[in-house]
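Chemist: Structure provided below as structure tokens; questions to follow.
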Amino acid sequence: MLRYPAVVHTEGDSFWIEFPDFPATYTYGDIKTDDPAEFAANCLADSLLFLMKEGKPIPEPSRAADASLLISPHYTERGLRAGKLAGQAAKKRDRRAGEEGKQRIYYGTN
């Protein structure tokens with residue numbers, strides 16, 4: 001299962017979440033009514049689906065020192081499909097790297 005670092009910021013009753021591995025991706029909500037982990041998982045799922053639809057590479061999960069959470073897109077129903085597809089893409093990338101005599105290491109994956 002892919003798990004990406006997320007950085008959660010709070011101010012008053014609001015939060016916003018950014019993903020070091022996805023620079024243009026963020027989400028926000030109200031602490032009193034919204035679940036930050038669910039918002040983060042849905043946002044991450046949407047980003048993964050967009051990248052796959054556009055044929056762009058899926059970033060490898062990094063080890064972000066300032067991460068507040070490790071988020072898996074599998075956390076929500078919407079993210080389940082994106083996470084599975086991203087995991088399949090990572091396995092294909094591994095196979096190709098192995099065929100080329102290279103080794104890839106993924107952090108935060110099972």
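The values are calculated or read from the model by the stated rules, or taken from the named source; none is laboratory data. Predicted, not measured: the structure shown is a model, and the values here were computed from it. Backbone-built Cβ (ideal geometry, glycine too); neighbour counts: all protein chains shown.
Chemist: Would you please name the residue that is farthest from LYS91 (Cα to Cα), looking only at residues in the range 25-50 that are more than 15 Å from the chain's Cα centre (by Cα) and in a strand (DSSP E or B)?
Modeler: Step one: list which residues in the range 25-50 are more than 15 Å from the chain's Cα centre (by Cα), which gives 28-35.
Pick out the ones that are also in a strand (DSSP E or B) and you get 28-30.
Values: TYR28: 31, GLY29: 34, ASP30: 37 Å.
The extreme case among them is ASP30.
Chemist: Keeping to the range 22-43, report how many residues are closer than 17 Å to VAL7 by Cα and out of contact with any Leu (no Cβ under 9 Å at 6 or more places or on another chain).
Modeler: Result for the range 22-43: 14.
Chemist: Let me ask another. Which members of the range 26-50 meet the condition of being free of Cβ contacts under 8 Å to residues at least 12 places away in the same chain and among the polar types (S, T, N, Q)?
Modeler: Correct list: THR33 only.
Chemist: With respect to the numbered conditions (1) modelled with pLDDT of 85 or more; (2) within 15 Å of the chain's Cα centre (by Cα); (3) assigned to a loop (DSSP other than H, G, I, E, B), which one is the sole condition not fulfilled by THR109?
Modeler: THR109 satisfies every listed condition except (1).
Chemist: Taking the range 1-24 on its own, how many of its residues are assigned to a loop (DSSP other than H, G, I, E, B) and surrounded by fewer than 16 Cβ atoms within 10 Å (Cβ to Cβ)? Outline the logic, then answer.
Modeler: Start the filter on the range 1-24 by keeping residues that are assigned to a loop (DSSP other than H, G, I, E, B), which leaves 1-3, 12-13, 20-21.
Next, only the ones that are surrounded by fewer than 16 Cβ atoms within 10 Å (Cβ to Cβ) stay: 1, 12-13.
So the count comes out to 3.
Chemist: Answer with yes or no whether LYS53 is free of Cβ contacts under 8 Å to residues at least 24 places away in the same chain, assigned to a helix (DSSP H, G or I) and more than 15 Å from ILE71 (Cβ to Cβ).
Modeler: Yes, satisfied.
Chemist: Hey, another quick one. If the requirement is being at pLDDT below 80, touching a strand residue (DSSP E or B) at 6+ places or on another chain (Cβ under 7 Å) and either of a type outside the set (Asp, Glu) or surrounded by fewer than 16 Cβ atoms within 10 Å (Cβ to Cβ) (or both), which of these qualifies: ALA67, ALA82, ALA89, ALA41? Can you show your working first?
Modeler: Values: ALA82 fails: touching a strand residue (DSSP E or B) at 6+ places or on another chain (Cβ under 7 Å); ALA89 fails: touching a strand residue (DSSP E or B) at 6+ places or on another chain (Cβ under 7 Å); ALA41 fails: at pLDDT below 80.
ALA67 is the lone residue from the list that is at pLDDT below 80, touching a strand residue (DSSP E or B) at 6+ places or on another chain (Cβ under 7 Å) and either of a type outside the set (Asp, Glu) or surrounded by fewer than 16 Cβ atoms within 10 Å (Cβ to Cβ) (or both).
Chemist: Additional query: Among the candidates PRO36, PRO59, single out the residue that is more than 26 Å from SER14 (Cα to Cα) and not aliphatic (A, V, I, L, M). First the steps, then the outcome.
Modeler: Values: PRO36 fails: more than 26 Å from SER14 (Cα to Cα).
Exactly one residue qualifies, and that residue is PRO59.
Chemist: Kindly indicate whether any position in the range 44-58 is surrounded by fewer than 15 Cβ atoms within 10 Å (Cβ to Cβ) and of a type in the set (Lys, Arg).
Modeler: yes
Chemist: Would you tally the residues in the range 25-38 being buried (at least 17 other Cβ atoms within 10 Å of the Cβ) and either small (Gly, Ala, Ser) or touching a helix residue (DSSP H, G or I) at 6+ places or on another chain (Cβ under 6 Å) (or both)?
Modeler: The total comes to 3.
Chemist: Could you please find all residues in the range 70-79 being surrounded by fewer than 17 Cβ atoms within 10 Å (Cβ to Cβ) and modelled with pLDDT of 65 or more?
Modeler: Listed by number, the list holds a single entry, LEU70.
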